[in-house]
Amino acid sequence: MIVNHDDMKNILFVQDPGEYRLLDSYMGYIPKVSDKEDLYTKLSEGLSFPVYFGRNWDALCELYLDFYWIDTVDIVIVHEDISKLPAGDFRTYISIVLQSIDSWKNDSGHNISFVFNQKERKQIMDTIHNCLQADCCEYDLKETDL
């Protein structure tokens with residue numbers, strides 16, 4: 001997956017995520033999370049996941065690449081605060097976010113955007129950067145494109 005400058009428009013950082021609105025969009029609000037299980041629960045509730053959601057990274061990735069249960073073209077996933085996720089889970093989640101953005105960029109079925117708290121900008125960007133530097137991501141990311 002190559003993330004370029006245009007893809008970064010799908011990741012937004014705002015001061016008050018709870019106040020973020022985008023007209024004519026499906027808005028999924030994800031309150032502050034404390035760990036992976038809490039993230040799964042709040043994503044499931046905020047995005048009305050199908051009941052068969054397996055509460056694991058692979059199942060989350062599959063749903064982020066599908067969204068068949070949402071008829072609205074524009075989907076915005078607003079995160080209040082994910083900074084308390086353990087580092088490995090944080091990295092995995094951000095990788096899934098990037099994979100989702102990449103998957104939908106040439107698909108007219110949905111436009112996917114992720115909104116994060118401005119205070120997490122450095123942590124998120126550092127996570128992307130560290131993954132690139134360590135060459136540990138399974139995606140073909142280029143730092144210059146970010």
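The values are calculated or read from the model by the stated rules, or taken from the named source; none is laboratory data. All figures in this text were calculated on a predicted structure; none of them were measured in a lab. Reconstructed Cβ throughout: ideal geometry from the backbone, glycine too, with neighbour counts over all protein chains shown.
Would a scan of region 118-139 turn up a residue that is within 17 Å of Leu12 (Cβ to Cβ), buried (at least 18 other Cβ atoms within 10 Å of the Cβ) and at pLDDT below 85? Within region 118-139, one or more residues are within 17 Å of Leu12 (Cβ to Cβ), buried (at least 18 other Cβ atoms within 10 Å of the Cβ) and at pLDDT below 85. In region 14-48, the residue that is surrounded by the fewest Cβ atoms within 10 Å (Cβ to Cβ) out of those that are in a loop (DSSP other than H, G, I, E, B) and of a type in the set (Ser, Thr, Tyr) is Ser48. Restricting region 83-113 to residues that are of a type in the set (Ser, Thr, Tyr) and part of a loop (DSSP other than H, G, I, E, B), the residue that is nearest to Pro31 (Cα to Cα) is Ser83. Considering region 52-71, and only residues there that are touching a helix residue (DSSP H, G or I) at 6+ places or on another chain (Cβ under 7 Å) and in contact (Cβ under 8 Å) with a residue 24 or more places away in the chain, the residue that is farthest from Met27 (Cα to Cα) turns out to be Trp57.
Scanning region 73-82 for residues that are at pLDDT below 95 and either of a type outside the set (A, V, I, L, M, F, W, C) or part of a helix (DSSP H, G or I) (or both) yields one hit, Asp74. Look at (1) part of a strand (DSSP E or B); (2) exposed (fewer than 14 other Cβ atoms within 10 Å of the Cβ) and you find that Tyr68 fails only one, number (1). I need every pair where a residue in region 11-27 that is among the acidic types (Asp, Glu) has its Cβ under 8 Å from the Cβ of a residue that is assigned to a loop (DSSP other than H, G, I, E, B), sequence separation at least 6 or different chains. Between residues of region 11-27 that are among the acidic types (Asp, Glu) and residues that are assigned to a loop (DSSP other than H, G, I, E, B), the close pairs are Asp24/Thr72.
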